[in-house]
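Report on the structure given below.
The values are calculated or read from the model by the stated rules, or taken from the named source; none is laboratory data. Quick caveat, the model's predicted, so the values are computed rather than measured. Cβ coordinates were reconstructed from backbone atoms using ideal geometry, including for glycine residues, and neighbour counts include every protein chain displayed.
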Amino acid sequence: MNGMFYGIGVGPGDPELITLRAAKILNSADIVIAPYSKEGRSSTALAIIESHLGAQTEVFASLFPMTYDEEALASAWAAAQDQIAAFLQQGKTVAFITLGDPMLFSTYIYVYKKIKQLGWPIETVPGIPSFCAAASRAGIPLAEGQEMITIVPATSECNDLDPIFEKADNLILMKVYREKDQIIDRLAKHNLIDNAALISRCGLEGEMIIRDLEEVKGKPVNYLSLIIAKKSPAI
């Protein structure tokens, strides 16, 4: 029997926002691979989908460190590839879970490329991206009419963001937890701060929606935080 590899987007946090397709696969999978970022830290994606797992499903944790160290990342990807390939060779159905959508800023993308190179059958199941859920929770339309949306990983150098901020109709700034204060200053510089909100842990315990961004300057925010900013008022 041939193995099958699935990439499952589990959505932003609320278990009820998982797609029917994802729930069906998770309920029947032999193996679920749950990525985590640090020793001693649990997998947020796993907590979201636990109620959807079948009785037969085995869960295996896989470490993907949050680092720019290419050697450490390559080692983590290789270890995950070997683990998944071994299960597939046994004819297992393997589901790799990831927050949001698997094809957007996701650890799954790196694993997907490696498993695809090995020739195994793959199905990627989309999930609700965090910024879509955040916009709904905050009541902020992402785009109207001919407006454009710009999605930016806030891990970029802040100086490089000025041209983007200048031209964008609607900005989605992902992973803002490290450069939050500098980003807020840039939003103010480009007159975007009055129509902006920071959404943290959307759909999870401890969710926060902050509309006065100056309020959070100098304060830590959760890793699962993003900012939505618009040139025109949301409502």
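The set of residues from region 121-171 being without any contact (Cβ under 8 Å) to a residue 40 or more places away in the chain and small (Gly, Ala, Ser) comprises Ser136, Ala143, Gly145, Ser156. Filtered by the rule that a residue be touching a residue at least 12 places away in the same chain (Cβ under 8 Å) and not in a loop (DSSP other than H, G, I, E, B), region 109-120 gives Tyr110, Val111, Tyr112, Lys114, Ile115. A Cβ distance below 8 Å, combined with a sequence gap of six or more or placement on separate chains, defines the contacts here; from region 198-211, residues that are farther than 17 Å from Lys180 by Cβ reach residues that are surrounded by fewer than 21 Cβ atoms within 10 Å (Cβ to Cβ) and among the polar types (S, T, N, Q) in the pairs Leu204/Thr44. The number of residues in region 9-33 that are in contact with an Asp or Glu (Cβ under 9 Å, 6 or more places away or on another chain), assigned to a strand (DSSP E or B) and of a type in the set (A, V, I, L, M, F, W, C) comes to 2.
Every condition in (1) among the aromatic types (Phe, Trp, Tyr); (2) closer than 20 Å to Ser130 by Cβ; (3) buried (at least 16 other Cβ atoms within 10 Å of the Cβ) is met by Phe165 except one, and the failing one is (2).
Consider region 174-204 and keep the residues that are within 18 Å of the chain's Cα centre (by Cα) and under 19 Å from Tyr68 (Cβ atoms). The one that is surrounded by the fewest Cβ atoms within 10 Å (Cβ to Cβ) is Arg178.
Any chance you could count how many residues in region 84-108 are part of a helix (DSSP H, G or I) and more than 13 Å from Phe64 (Cα to Cα)? Full working, then the answer.
At the first step, the residues of region 84-108 found to be part of a helix (DSSP H, G or I) are 84-89, 107-108.
From what is left, the residues that are more than 13 Å from Phe64 (Cα to Cα) are 84-89.
Selection size over region 84-108: 6.
Restricting the first member to region 220-234 and to residues that are more than 18 Å from Asp185 (Cβ to Cβ) and of a type in the set (A, V, I, L, M, F, W, C), and the second to residues that are modelled with pLDDT of 95 or more and part of a strand (DSSP E or B), the beta-carbon pairs closer than 7 Å and six or more apart or on different chains are Leu224/Ser200.
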